Structures are given as C-alpha cells and as structure tokens.
Amino acid sequence: MTKKSYFLKLLAFNIALVIISVSFLGYIAYWKTSGVLNERIHTVNTEMLIQTQLQLENSLQSIESAIVQLSLSPIFTKILEDDLNIISYDNYLKVRNMVLEISSLYLHDSIINNIEIINLEKGWVLRNGGVLAITEVYNDEEIEKFRQSGTGSSWSKLNADYFQYTLKVPFASFQQFQGIIRTKLSSHEINQELMANKELGEITLIDANGQMIRSFTQYKLRDDNVNEIVDQIHSRTSQAPQGTFLAKLGDADYSIIYMQSAKYKWTYVSVVSTLEARRDSRFIGLFIFITGIFVVSVFFVLSLFGTRRLYSPIKRLYQLVSLYSNEKSPLQSNELDFMNNKLLLFFQDSKKLQGQLEIQTQQLNDFFAFKLFQGEVKQREIDKNWSNQVHWCQFGVLTVQIDTIEGTVYKDSDKDLLLFAVKNMGTEIAGELLVLNPVIMHNIAVVLMGVNHRSAGAFKEEIYLLSRSIQQAIKQYLRLQISIGISAPFTKLVQAGVAFHEAADALKSRITHGREAILFASEVDVADAVKVKYPTHIVKELTDAVKFGDTDQSKRSLNSFTKEIFSGQYDYRNCSMFVFLLLMDLIKISNHSDERFLKLFREKPIFDQLDLLLQTSAQETEEWIHSQVVEPIIEEILARNETQQRNITKMLIQYIQDEYDTELTLEGCASRLHYNPNYLGQIFKRETGSTFSDYLSQYRLILSKKLLVETNDQVQEIAEKLRFSNSQNFIRYFRKMEGMTPKQYRDYEAKRGSLSR
C-alpha cells in the first residue's frame, strides 16, 4: 500500500480548502463588522458632540441676548448717566425700577442670577438690589483691570461652581464704555449639557485659555493624562478646528474627537475608551469562529462522503494496474503517481517499439530498393508483395548528385549529411509520385518515380518539371547545385535495375554539360558518339612544361586539355579514357613512376577513382590532376635538376682551380661535359653569381696577389704564368680591381710586413 494514499490527500485538500475559505470569509466578516462598529461609534459621538455644542451655545446666546436687551432698556441707559452715589429720592426710584427690571429678567431666564452693574465712570456698583461705591467693592487693581478689559463681551470661569458673562456698556460703543454688566451662570447648568454616557464615552469642554471646564468622571484618568490630552488637542486645533485621533493613556487606548467653536473658541471634546468596542469585536469574532467551526464540521462530513465517491474509480484502476505490475518493492508515491509511472513506461516502451519498427521498415525499404536497383528482385517477389500497391502506368529512375561544394560554407566532411538532406528534400517534393523512399548508392541519391501517363512525352515533361523543382528547392535552402540523371521510362518494376544504370550513366555525362544539368538517358547515346582523337599536341606541351619545371605553363596547358575534353565533343567514356592516358603520360616522366602510380591509386582502383573524379566538375578534375600529379612531378624534376646543376658548377670550379694557367674557356668545358655552353653559363651564373670568365679572372687575380707577396717574380713573368695576353693588360686589370699597380701592391705588403715584425 502507498505511504500516502491519494484518498487521504484528496480529503485533506478538500478540508484545507474549506478551512481556508471559511477562515478568509470569517476574517473579512470580522474585519468589516468591527470597522462598521467603530465607524458607527465615531459617527454617533461626532453627532452627540455637535448636538451638545448647539444646545450649550444656544443657552449661552439666550443669556447674552437677555443681558444685551437689558443694556438697551431705557431705564438702564438712563441710570448709566446718573451718579447713584448721591442719596436722593429720585435716585432711589431709579434704583428700584432697575432692580425690578433685573428681577423680571431672573423670572424670564431661570439660569440667570446675581446680575451686577458696575459704572466705572460714575464710580458705583449695583448688586443685590443695592448701590455701593466702587471703591467699597473693588480695589484699585481690580478697577484698573476692568478698564483694561480687551473685549466687548466674554465668558470666563470664575471657579468650580460658576461661569461669568461680562458685557461692556453702552453696548453700541465698545471703545468708550462707561461700565460693565456681569452675571453668573452655575457650572451645574453647563455640566448638565456635558453628561457622560457609558457606551458613547464622555464629553468635556476646554476654554480658550486651555483650561478644562468639566473634568472626567467616567474614566479614572490621572492629571498628567488629562494634561496630555489638553496639549495634544491644543496643538491639533492650531492646524485644524476639528478632528479625531487615538491616544494611549496609561494602559488603555482612547478615541478622542475634538471640535472647536468658532464663536467662543471653546473646544468640545469626546473621549471614548476603545475597550468597549474591542469587547463588542471579540464577541463578534467569537460568534464568527463558532459559526466557522460548525460550517467546517458540516463540510468535513460532506467532503468525506464526496471524496469516497470520487476516489472509487481511481481505486479500481489502481487495483487493475497493480494486478498486472511486476513491481514488488513498496511504492513511494500515491496511486496516481504509481499509475502515471506505469503508463509513462508503457508509452515509452510503445514509442521505442514504434521507433524500432519504423527503423526496421525503413531498413527493409532500403534493402528492397538496393536489391531492386541492383537487379536482384524477381518478378514473382514483386507480384507477391507489391501487386496491390503498384498503380502507376510508367516508372522512371532519377539519380541525384551534388555538383560541387567548392565556394560554399560546407566542408568535405559534410558531403554525406548534405546528400542525406538532398534525399529527404527529394522525398518531400516528389510527394505522390514517389514509389519507394529514396536511397543513397555510390554517393548518388536514387529515386524511383511513378506517373500515370502512357505517353513518353508526357512522362518526360512531368519528370523534367519535378527535377527542376528539386534543383530549385535545394539551391534555395541548401545553397547547393545538383545534377540529375533520368532513365528511360519502363512499365515493370523488375526493370528498375537496368533503369538505374541508365540514369547513372546519363548523370556521368554531366561533366561535359556543366553544372545543374538534367540529363535523359535517351538523349545520351554512346553508340552514336563521334570518333575522336586524343589531343596529343596539348599533352606534349604539358609534358614539356613539366620536364622543364615551368609551373605556370603547366597550368595553362592543363587548362587547355580540360577545356578540350570537356567541351561537349566527347562522351563520358572518352573523357575518362583521355584523363587516364594523360595521367600515364605524366607519371612516365617521373624517375619513380612505379612508386608514384601505387601511391596515387592505393586507396581505390584507378578506374573507380577516375569515375568518382569525373562525377565532380571539370574545374575540380583539373585541380586534382595538378595538385596530385603535376606539382609533385615538377617538384621532383626541379630537385633533380638543382642537384645536377650544383654538380656541374662544382666541376667547372674544379676545372678553373686545376687549369687556371692554361687557355681555359667555357666552350672547352662544355665540350668535355657534353652540354650547351649557354646552358652551362646560365647554370654557373645562377649558382655562383658571376660569369665563367669573371670567376676565372678573379681566381687568377687572387693567385697573382699571392705570387707578388711570396715570390720575387717579375710582373711580366707573373702575367705570362697566369695566361694574361701581355703585362700591360695584367697591370690595367690589377689596378682596376685593387686600385693600385702590382708593384705598388708588393711594396705596400712588404712595408706592412716589416711593421708587423
């Protein structure tokens, strides 16, 4: 049994897929729900903050409106001009009316209490229904502070219990005010608007001076945490009047929403602990987790049932493969891998078998084709194996050969591969006309074709068009030139052997027709060939040039010979015979003709070699003859002549050294050596660099200098001994060569000898 059953893998995959899907959906649901919950809390807190701001500021604005109306009442404007410090009945009535006016204001707005009127210009204070001198209520510093007050109206926090509203009067002229109206507002009234909510957080208020108007009651925060919140809000309001941010205060996280009032510059702040939101999120996550476990359990049961149903055909197939498997070792993979390996081996074996069958079929086809083209197949064998397949009216054999690879990118080692490519391309182009797959025989691709024409003209036309198509395709794709020989048409396959020899003989004639020839056997009639004569005069010029070592002339004569025999006047057999005769005439010139003949035709018999040579081209034939025969013989003759000339030169020098005192001449030496004097003169000058007479004179001069130094012979005696015509000629020659007379030379050498002693 396998280590890991495919059933378990399939089941595990299904369960893993369900777990991943449910987990992903649960996470998305949890993340989305938590986000919506937090967003909802934020939206509600923001709306509550806006509502609180509107309610509180409406209350403050109602107080401001009541005070402003009081400052604009006729009673107030009238007493503002009077000095109430003077005790009089008239002032008493004015004060009483003002107190009544203020009392009505208390009744109108219950949150207003303890209104105080301060007249800075007249120096009195109206409070609690009575009038007091300002100096009795406030000291000078406080009075100066009232005078320096910067704004027309303002709210400020007196203490933990009260807020105070201050209005400069008269209201219409704040730059030149006479007094101040002040009223108190209980902090309880404001705190009522800022009530805490356990679920929605706590709302507080920070005034324009950065003081917290209402402290936190819901959250137990330390003073440093409160100050930290105030500092952060103050820095943020300088950039944006409203916003939200998260702050970690102590061990808890808080969501803070702030909003600054444009009128009073107070900042409304909502502080909500994220703990409640997290608790709600945890509850949601727990619910989603439990739901996911339930869904996974249900899908596990369904997957188990479904996987068994899906696995059942795999199990049956695995048992079937295992039954016919020879494998005895335990498997290292699952069932599908096991079956995959077995099927892979099966298909590999099948492919190998198919390949072997194709190879054997091709080999049988080639073997049959070889036997057929060699004439070894009998008619009864063809009738037995080919009676149902032969449906052509006429047959023909094509022999295809590469003209040359010279001037192409190919090498000699590529010929076999190129011929194989030519054979394959011929197979593709022939198509339905192909009777047998082409074979290669003697470096020739042989193709057996069949046509459905009974007319010889139609056969010739169709085969010619096919041959031209093969030539053009090979020239286009392989960049090669080929020639094709075509047999005469025949009607029985047993005649293919004769047709092959016809096509091969026709192909051999391409050497006289040039490259890319298409030759029909019917047009190459050897029996009607014109009687021709061996070009003896050209061969004589060639052999003479070789004998004299004239390489250039030998090339010209050999070129004339090849042009002559390959001009189209001679058939293939005559060309082959003439080349053979030329080779024999050239080899005879060599002193080692037997060795050269054996060396030249050691690998193949001479006529087989000539047959392969003449299947190339006239140029390649000419180059082969010159490189393999002409040049080696010229080198041999030149080497032989050089040795002979060197020996002749040595003999002439010996004659000069032995017979310098005689009437020695070049003609006399040539007569003794049986050579032409001019030929000896050329050899001597080429070997020594000087003529025979100059060399003789130089040698006699050397001897004369020796006689002048070593003997006391007279100059005339020395001239006669050395065979000069007279002493004057000797003296002139000596002066010409040495720059001094013989006597001067003798005296000079004698003086130099005495000095050396």
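The values are calculated or read from the model by the stated rules, or taken from the named source; none is laboratory data. Model, not experiment: these values are computed from the prediction. Positions of Cβ are generated from backbone atoms using ideal geometry, with glycine treated the same way; all protein chains shown enter the neighbour counts. Note: accessible area is taken over every heavy atom of the protein model, side chains too, but ligands, DNA and RNA are not part of it. Shrake-Rupley method; radii C 1.70, N 1.55, O 1.52, S 1.80 Å.
Quick look at the numbers
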{"item": "Cα-based reach from LYS743 at 30 Å (exclusive), listing lysines while leaving out same-chain residues under 8 positions away", "result": "LYS705, LYS706, LYS721, LYS751"}
{"item": "Among the listed pairs LYS351/LYS415; LYS460/LYS563; LYS9/LYS352; LYS685/LYS736, those beyond 29 Å (Cα-Cα)", "result": "LYS351/LYS415; LYS460/LYS563; LYS9/LYS352"}
{"item": "Theoretical FRET efficiency, 1/(1+(r/R0)^6), r = Cβ-Cβ of ASP658 and LYS540, R0 41 Å, to 0.05", "result": "0.45"}
{"item": "Spatially proximal lysines relative to LYS122 (Cα-Cα < 22 Å; intrachain offsets below 8 disregarded)", "result": "LYS78, LYS94, LYS145, LYS168"}
{"item": "Contour minus Cα-Cα distance for ARG308 and ASN97 (0.36 nm per residue)", "result": "65.7 nm"}
{"item": "Using θ = phi - 60° and Karplus 6.51 cos²θ - 1.76 cosθ + 1.60, couplings along the range 743-748 (whole Hz; Gly, Pro as x)", "result": "4, 4, 5, 5, 5, 4"}
{"item": "Listed peptides 338-351, 481-494, 284-297 by packing density, highest first (mean Cβ within 10 Å)", "result": "481-494, 284-297, 338-351"}
{"item": "Pairwise FRET efficiency - SER65 versus ARG127, Cβ, R0 = 22 Å, nearest 0.05", "result": "0.50"}
{"item": "Potential lengthening between PHE490 and ASP224 on full extension [0.36 nm per residue; Cα-Cα distance subtracted]", "result": "83.8 nm"}
{"item": "Residue-by-residue Karplus 3J(HN,Hα) for the range 548-555, coefficients 6.51, -1.76, 1.60, Hz, glycine and proline x", "result": "8, x, 8, 5, 4, 5, 5, 5"}
{"item": "Per-pair calculated FRET efficiency, R0 = 35 Å: ASN641 and LYS706 via Cβ, rounded to 0.05", "result": "0.45"}
{"item": "Approximate spin-label separation GLN178-GLN164, in nm, with each point projected 7 Å along Cα-to-Cβ", "result": "2.3"}
{"item": "With all protein chains modelled, accessible area of ASP694 [1.4 Å, Å²]", "result": "80"}
{"item": "Difference of contour (0.36 nm per residue) and Cα-Cα distance, GLN728 to ASP140", "result": "195.2 nm"}
{"item": "Listed peptides 38-45, 134-141 by packing density, highest first (mean Cβ within 10 Å)", "result": "38-45, 134-141"}
{"item": "Under the Karplus curve 6.51 cos²θ - 1.76 cosθ + 1.60, θ = phi - 60°, whole-Hz ³J(HN,Hα) for the range 714-727, x wherever Gly or Pro sits", "result": "5, 5, 5, 5, 5, 5, 5, 5, 8, 6, 7, 4, 7, 5"}
{"item": "Heavy-atom accessible area order for PHE305, PHE370, largest first, 1.4 Å probe", "result": "PHE305, PHE370"}
{"item": "Highest to lowest packing among 467-476, 574-583, scored as the average C-beta count within 10 Å", "result": "574-583, 467-476"}
